[in-house]
Amino acid sequence: MNWHAVRAIYRFEMARTFRTITQSIASPVLSTSLYFVVFGAAIGSRMGEVDGISYGAFIIPGLIMLSILNESLSNASFGIYMPKWAGTIYELLSAPVGWGEAVLGYVGAAASKSMMLGILILATARLFVPYEIAHPVWMVLFLMLTALSFSLFGFIIGLWANDFQKLQVIPLMIVTPLTFLGGAFYSIDMLPPVWQKIALFNPVVYLISGFRWSFYGVADVNVVVSFSAILVFLAACLTAVWWIFRTGWRLRN
């Protein structure tokens with residue numbers, strides 16, 4: 001394992017984040033704070049409890065997941081797409097750097113940025129809504145695995161995209177709608193029976209459900225199923241990245 005290469009890629013990507021800290025950190029935190037103001041404080045104070053939890057507190061895990069998923073995809077896809085666009089990807093491919101080192105550097109930096117953002121949003125939420133974390137260790141584990149798996153997915157998007165518009169297609173057209181329909185602002189038990197069954201085909205439901213369980217001990221889906229779903233998605237993304245580097249798809253042509 002070439003740890004010098006991993007450290008160089010990781011430090012470069014993290015330095016890029018701190019050079020654009022307003023866009024990378026401040027903007028997502030401010031946007032999520034507006035959700036807390038509108039849905040948590042304004043609307044939530046006029047709504048009843050959901051599963052015995054105040055509405056403002058109930059949506060905290062969903063809002064954190066919404067930010068984590070979007071930022072993980074954006075950071076990882078942009079991080080690997082820029083070397084492709086600039087042509088410097090060939091320097092990486094010709095250097096003594098394996099696919100594992102490249103993934104650790106780029107994906108590790110994207111996941112680190114997403115976790116930093118998640119922790120900042122969690123701290124910001126305390127200013128608007130009181131909440132408790134029933135299972136803090138599981139909360140951190142769900143946060144880490146989600147940030148890592150979707151950073152890997154974003155890495156794949158960055159390898160697949162051949163222009164800047166394609167970088168936004170999957171996050172905006174697929175991931176964001178799935179997140180809003182995945183129980184970020186409601187429990188799927190509130191849906192009609194038919195739609196409850198349809199919602200179970202949405203993979204984001206399992207992420208949000210497991211993450212919410214770590215806060216309040218309540219979930220729409222069994223927590224073991226949620227945890228297994230994240231591991232399966234992570235394994236699928238790792239396999240896809242390995243295949244891309246092995247075949248050179250979208251890298252050498």
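How many nm separate the modelled label positions at residue 198 and residue 49, each set 7 Å beyond the Cα in the direction of the Cβ?
Between residue 198 and residue 49, the label points sit 3.1 nm apart.
Treat the count of other C-beta atoms within 10 Å as a stand-in for reagent exposure and order 18, 78, 142 from fewest to most.
Going from sparsest to densest Cβ surroundings: 18, 78, 142.
Please report, in debye to the nearest 20, how large the charge dipole of the range 3-247 is about its Cα centre when each Lys and Arg carries +1 at its beta carbon and each Asp and Glu carries -1 there.
Dipole about the Cα centre, nearest 20: 440 debye.
What distance in nm lies between label points placed 7 Å from Cα along the C-beta direction at residue 11 and residue 132?
4.5
For the chain, build the charge dipole from Cβ charges (+1 Lys, Arg; -1 Asp, Glu) around the Cα centre, then report which of 145, 161, 184 sits farthest towards its positive end.
Highest projection toward the positive end goes to 161.
How high is the FRET efficiency from residue 21 to residue 191, r the C-beta distance, R0 45 Å, rounded to 0.05?
0.70
Quote the charge dipole size of the range 49-136 about the Cα centre in Debye, to the nearest 20; the model charges only the Cβ of Lys and Arg (+1) and of Asp and Glu (-1).
Computed charge dipole of the range 49-136: roughly 220 debye.
Could you tell me which residue out of 76, 124, 216 lies farthest along the dipole of the chain toward its positive end? Charges go on the beta carbon: Lys and Arg +1, Asp and Glu -1, centred on the Cα centre.
Result: 76, furthest along the dipole toward the positive end.
Using the beta-carbon distance between residue 231 and residue 99 and R0 = 22 Å, what value does 1/(1 + (r/R0)^6) give for FRET efficiency, to the nearest 0.05?
The calculated FRET efficiency here is 0.60.
Once amide H atoms are placed 1.01 Å from N in the peptide plane, what residues at a sequence separation of 5 or more from residue 50, or on another chain, have their amide H within under 5 Å of its amide H?
55
Quantify how much of the Cα-Cα distance distribution of the range 58-180 extends past 22 Å, in percent.
39
With the dipole of the chain worked out from charges on the C-beta (+1 for Lys and Arg, -1 for Asp and Glu) around the Cα centre, which of 134, 94, 17 lies farthest toward the positive end?
Checking the options against the dipole of the chain, the answer is 94.
Please compute the modelled spin-label separation between residue 222 and residue 37, points set 7 Å along Cα→Cβ, answer in nm with one decimal.
4.3
Which peptide among 1-10, 19-28, 96-105, 201-210 comes first, and what is the full order, when sorted by highest mean count of other Cβ atoms within 10 Å?
201-210, 96-105, 1-10, 19-28
With the Cα gyration tensor of the range 114-234 giving a ≥ b ≥ c as the square roots of its eigenvalues, does the rule (a/c under 1.5 for rounded; else a/b larger than b/c for prolate; else oblate) give rounded, prolate or oblate?
Oblate shape, in that a/c is at least 1.5 and b/c is the bigger or equal ratio.
Just so you know, all these numbers are worked out from the coordinates, no wet-lab data involved. It should be emphasised that the depicted structure is a prediction, and the values quoted were computed from it without experimental measurement. A quick note on method: Cβ atoms are made from the backbone with ideal geometry, for glycine too, and the neighbour counts reach across all protein chains shown.
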